[in-house]
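Take a look at the structure set out below.
The values are calculated or read from the model by the stated rules, or taken from the named source; none is laboratory data. These numbers come from a predicted model, not from an experiment. Don't worry about glycine lacking a Cβ; one is built from the backbone with ideal geometry, like all the others, and counts go over all protein chains shown. Side chains are part of the model used for accessible areas, which takes the heavy atoms of the whole protein and leaves out ligands, DNA and RNA. Shrake-Rupley method; radii C 1.70, N 1.55, O 1.52, S 1.80 Å.
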Amino acid sequence: MDSSSASPAAAASSPAFAFSSPPPVENPRSPFSKPRPPSSISRPSYLVETPSRPRAPSSSSSRTIYSDRFIPSRSGSNFSLFDLSLPPSASSSSSSDAGREDGSGAYAALLRAVLFGPDQGVAPPATPDRSSAAVAGRSPSSSSSTSSSVAFSTPSRNIFRYKAEVPRYSLAEQFEDELPGFSHIHPRAPRKVPRSPYKVLDAPALQDDFYLNLVDWSSHNVLAVGLGNCVYLWNACSSKVTKLCDLGVDDSVCSVGWAQRGNHLAVGTNQGKVQIWDASRCRRIRTMESHRLRVGALAWSSSLLSSGSRDKIILQRDIRAQEDFVSKLTGHKSEVCGLKWSHDNRELASGGNDNRLFVWNQHSTQPVLKYSEHTAAVKAIAWSPHVHGLLASGGGTADRCIRFWNTVTNSHLSCIDTGSQVCNLVWSKNVNELVSTHGYSQNQIIVWRYPTMSKLATLTGHTYRVLYLAISPDGQTIVTGAGDETLRFWNVFPSPKSQLRYSKP
């Protein structure tokens with residue numbers, strides 16, 4: 001989401017992990033301090049008895065008071081059993097206390113050594129002397145105000161530290177490979193989408209025409225762009241630019257489309273021709289005609305190439321056959337501007353300037369499904385790679401809506417008003433999300449989570465309509481093109497390895 005739950009000012013005012021200062025100690029009496037010998041001066045009885053060593057009742061003048069505070073007696077403790085070596089300071093202090101009744105001095109030294117390390121210069125909290133308090137005429141309870149001012153020595157390092165070298169694993173991660181049927185429930189972590197493109201390329205003469213399709217990304221990571229009457233190839237791995245063809249001053253490029261596998265690129269021209277090029281050799285294989293007007297839409301299905309034209313016709317071409325086309329699809333009443341084959345190559349979706357969305361099968365010459373809910377030209381078409389028969393379509397300036405269809409049940413699923421002209425749609429193959437590009441009036445790019453259609457990010461930067469869109473072969477990066485003659489590259493989708501981090505809605 002664009003908004004976050006905490007304001008940036010609040011986050012900046014305090015660090016994420018901070019050690020708070022210790023609270024003031026009202027009565028700094030350490031349970032590990034050395035016991036004081038009994039004083040001969042009379043004072044009110046304030047004794048704490050240990051259950052392990054019961055004491056005989058005192059005289060009638062003093063009565064034993066039992067408290068809920070338990071202070072253990074360690075007179076019988078043998079610390080050699082724990083294989084703890086005393087630091088020099090602890091050894092000297094323990095030898096001086098050999099005549100004492102118990103070994104609490106050695107215990108305190110050992111505790112300091114374990115917590116703070118040897119020779120850290122850490123002094124134990126000072127314990128008020130009851131004898132001195134009694135000589136001064138004060139009771140132990142009245143000395144609390146004086147003892148509160150006793151200074152504590154602070155350790156020179158943090159006691160509780162995060163150790164980055166200690167890995168932490170969950171039980172589910174340990175068994176996810178051993179148990180194929182194990183179902184993970186991951187808490188949804190908000191994924192941050194970078195708001196700026198990581199690369200911007202100049203694309204001079206990139207046309208500002210809604211009905212053209214001039215950008216496509218191949219499975220071999222090569223970007224094809226139609227600029228004026230030329231087609232250029234940009235290798236995303238080496239950033240090498242190659243001029244593939246020049247149609248001359250009498251013609252111009254209206255569409256480009258890569259074959260699903262291999263290096264074959266189809267080029268639709270303004271004169272109604274379709275050229276097939278071998279991009280690896282920069283050599284034209286063949287030229288096919290039969291369209292009377294410009295070819296603005298191309299879609300591959302294995303060796304079958306579909307071309308949509310301004311003459312309202314869709315031609316199915318088998319590049320292995322000698323004929324220019326093997327079938328003709330009729331039904332649109334205006335220019336065909338959108339074509340997409342489903343991922344199983346069984347259905348072809350077409351959109352036109354007649355505001356119609358049609359679905360064809362492999363052998364039909366008439367549409368098997370017709371949708372007329374859009375109120376503007378339908379150029380943006382995308383099939384879901386996650387759900388069979390799920391189709392998304394977007395309308396132009398007068399429509400501004402993205403609609404979802406189930407072609408299996410022939411039903412309209414949902415509709416969302418985006419607020420601006422929908423130019424392109426593409427699904428992520430790694431997560432159940434899609435991205436849309438827009439024209440009038442906001443020229444934005446939106447990343448959506450399906451099926452809630454909540455916005456993950458809104459990207460801006462183009463100053464003209466974002467008319468062209470293609471996705472990288474790894475499914476993480478998109479490239480957008482606009483009439484401002486720039487190509488912008490955005491990282492919008494996660495990698496396939498990280499898709500389990502983001503739970504589906």
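Classify region 300-458 from the C-alpha gyration tensor, please: rounded if a/c falls under 1.5, else prolate or oblate depending on whether a/b exceeds b/c. Verdict is prolate for region 300-458.
Projecting label points 7 angstrom from Cα along Cα→Cβ for residue 220 and residue 326 puts them 2.4 nm apart. Working from label points 7 Å from Cα in the Cα-to-Cβ sense, the residue 302 to residue 196 distance is 4.7 nm. Less than 5 angstrom separates the built amide H of residue 260 from those of 302, all sequence-distant by 5 or more or on a different chain. Applied to region 313-322, the Karplus parametrisation 6.51 cos²θ - 1.76 cosθ + 1.60 on θ = phi - 60° returns per-residue 3J(HN,Hα) values of 10, 10, 10, 9, 10, 9, 5, 7, 8, 6 Hz, with x for Gly and Pro. For residue 244, the residues 5 or more places off, or on other chains, whose built amide H falls under 5 Å of its own are 231, 232, 233. Across the protein chains, with a 1.4 Å probe defining accessible surface, the residues 438, 264 rank 264, 438 from largest area downward. Is the shape of region 392-505 rounded, prolate or oblate, going by the alpha carbon gyration tensor and its root eigenvalues a ≥ b ≥ c, with a/c under 1.5 for rounded and a/b larger than b/c for prolate? Since a/c reaches 1.5 but b/c is at least a/b, the shape of region 392-505 is classed as oblate. With the gyration tensor restricted to C-alpha atoms of region 211-281, the semi-axes of the equivalent ellipsoid amount to 19, 13, 10 Å, longest first. Classify region 245-311 as rounded, prolate or oblate from the Cα gyration tensor: take a ≥ b ≥ c as the square roots of its eigenvalues, call it rounded if a/c is under 1.5, otherwise prolate when a/b beats b/c and oblate if not. Oblate is the answer for region 245-311, as a/c is 1.5 or above yet b/c matches or exceeds a/b.
Pairwise Cα distances in region 354-426 exceed 21 Å in 21 percent of cases.
To the nearest 10, the accessible area of residue 276 is 0 Å² with a 1.4 Å probe. Overall, the ratio between the Cα radius of gyration of region 344-384 and 2.2 N^0.38 Å, rounded to two decimals, is 1.14. Percentage of Cα-Cα pair distances in region 222-353 greater than 18 Å, rounded to whole percent? Value for region 222-353 (Cα pairs over 18 Å): 51 percent. Near the amide H of residue 352, within less than 5 Å, lie the amide hydrogens of 337, 378, all on another chain or at least 5 residues away, with H placed in the peptide plane. Computed 3J(HN,Hα) for region 365-381, one whole-Hz value per residue from the Karplus formula 6.51 cos²θ - 1.76 cosθ + 1.60 where θ = phi - 60°, is 10, 10, x, 8, 9, 10, 10, 10, 6, 5, 10, 8, 4, 10, 9, 7, 9, glycine and proline marked x. Here the Karplus relation 6.51 cos²θ - 1.76 cosθ + 1.60, evaluated at θ = phi - 60°, turns the backbone of region 221-227 into coupling constants of 6, 10, 9, 10, 9, x, 10 Hz, with x for every Gly and Pro. Ordered from largest to smallest accessible area (heavy atoms of protein chains, 1.4 Å probe), the residues 453, 288 come out as 453, 288.
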